[in-house]
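Trainee: Following this message is one structure expressed as structure tokens.
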Ligand SMILES: Nc1ncnc2c1ncn2[C@@H]1O[C@H](COP(=O)(O)OP(=O)(O)OP(=O)(O)O)[C@@H](O)[C@H]1O
Ligand SMILES: [Mg+2]
């Protein structure tokens, strides 16, 4: 989502020039031609930043800045860059006193303005969420090599950690279309909208998705699975591919919890994914399945680099440890999540994910480490859409 910038300037040439420069940089520009309109649009549009000309008809820039600072209270602060025609020290001081955060003397180079905008947006971003930065658009698929290995637990909690601990914008898709568990894990009723509402619409775009996504208490946005299994078949491989593609343009991370079938629909998700995390536990039948999955993906020419292995319940006593598993699979385990049966099951049964209520528990810290490693590996790499 592009950051919205309000331009308040009475000169049509300046309006045009600034709008153009802002749009080129990926921002959304809203224009006001005088101080009163500027104030009105500040309230209505909630811009991420304001470019405010000092000399304006009706209310001048200093008055507008003073009014905004008086009205916005202490909880929020919209960054303001004052644009002035005079380089006099008195004018600069007057602007700063009125509540501007920075100023530029006209004429200025657009590159300087854009650099100042970036730095102010970063400085006033809530926590470390980099508002104004285009979304990273990374897609992560979580796939269980066997039922019940903890794929959903890991996908949900990694999503929450990426949002709450790392400040990323995150969407979580329940791709287990027939028996999706996200409503149970996150205490949401059957009345919430689901992916079926997207699939039944004539076309799929960001506005449609915004109306269907459910905002969870963790601030992760959820695209839920249908409330009952019989409607799942209304969702096709093409729907899912389109949905993931649109979500990629809206979020830093789109996590898809896929069920264990290696069918067309799931392979479509894998294809769209920057990384596929295969979740396993240390038992023989699971290792056998991981081997089969890796072989199958190899046969269809899937890049092995895009598959990572996540050993769940890594310290549970099963007679097989991470090293033995690596030996059997002839490849490294990339990530590990600790075993904490009580924490995991009580979170599930209460509908309150561990990362939301017990982030400081051993399981919470272990998931946080995994989320950090994923963020580091994936955020820095080029996106799959452009890499391929
Ligand atoms: N790290 C963990 N430590 C202990 N128990 C865990 C852990 N992760 C998951 N579990 C437990 O394992 C069970 C299965 O978890 P989950 O539903 O997340 O698995 P799944 O692979 O998504 O299953 P399904 O195949 O039904 O989709 C749950 O009871 C959960 O509490
Ligand atoms: Mg599951």
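Trainee: Yes or no: residue 380 assigned by TED's automatic domain parsing to the domain that holds residue 281, over 21 Å from the mean Cα position of the chain (by Cα) and either under 24 Å from residue 216 (Cβ atoms) or away from ligand 1 (no atom under 16 Å from the Cβ) (or both)?
Mentor: no
Trainee: Here's another thing I want to ask about it. Could you tell me whether the stretch 158-171 includes any residue that is within 13 Å of ligand 2 (Cβ to nearest atom) and in contact with a helix residue (DSSP H, G or I) (Cβ under 6 Å, 6 or more places away or on another chain)?
Mentor: Within the stretch 158-171, not a single residue is within 13 Å of ligand 2 (Cβ to nearest atom) and in contact with a helix residue (DSSP H, G or I) (Cβ under 6 Å, 6 or more places away or on another chain).
Trainee: Now for a separate question. Within the stretch 285-306, work out how many residues are part of a helix (DSSP H, G or I) and either touching a helix residue (DSSP H, G or I) at 6+ places or on another chain (Cβ under 8 Å) or surrounded by fewer than 17 Cβ atoms within 10 Å (Cβ to Cβ) (or both).
Mentor: Summing the residues that are part of a helix (DSSP H, G or I) and either touching a helix residue (DSSP H, G or I) at 6+ places or on another chain (Cβ under 8 Å) or surrounded by fewer than 17 Cβ atoms within 10 Å (Cβ to Cβ) (or both) in the stretch 285-306 gives 15.
Trainee: Would you mind stating whether residue 317 is assigned to a loop (DSSP other than H, G, I, E, B) and more than 28 Å from residue 365 (Cβ to Cβ)?
Mentor: No; evaluated as a whole, the condition is false for this residue.
One line per residue, one yes/no per condition, for (1) within 28 Å of the chain's Cα centre (by Cα); (2) within 16 Å of ligand 2 (Cβ to nearest atom):
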{"position": "291", "(1), (2)": "no, no"}
{"position": "296", "(1), (2)": "no, no"}
{"position": "313", "(1), (2)": "yes, yes"}
{"position": "342", "(1), (2)": "no, no"}
{"position": "346", "(1), (2)": "yes, no"}
{"position": "365", "(1), (2)": "yes, no"}
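Trainee: Which residue out of 59, 83 is surrounded by 16 or more Cβ atoms within 10 Å (Cβ to Cβ), under 17 Å from residue 18 (Cβ atoms) and not assigned by TED's automatic domain parsing to the domain that holds residue 268?
Mentor: 83
Trainee: Where in the stretch 177-284 are there helices (runs of 4 or more DSSP H), lying wholly inside it, with at least 1 residues that are farther than 24 Å from residue 378 by Cα, over 21 Å from the mean Cα position of the chain (by Cα) and away from ligand 1 (no atom under 15 Å from the Cβ)?
Mentor: By residue number, 195-199, 237-248, 264-272.
Trainee: What do you reckon, is residue 113 away from ligand 2 (no atom under 16 Å from the Cβ), at pLDDT 90 or above and over 11 Å from the mean Cα position of the chain (by Cα)?
Mentor: So residue 113 passes the test.
Trainee: Return the pair list, or none, for Cβ contacts closer than 6 Å from residues in the stretch 173-190 that are on the phi > 0 side of the Ramachandran plot to residues that are assigned to a loop (DSSP other than H, G, I, E, B), at least 6 apart or on different chains.
Mentor: 187/351
The values are calculated or read from the model by the stated rules, or taken from the named source; none is laboratory data. Keep in mind that this is a model prediction, so the values were computed, not measured. Every residue, glycine as well, gets a Cβ built from its backbone with ideal geometry; the counts of neighbours run over all protein chains shown.
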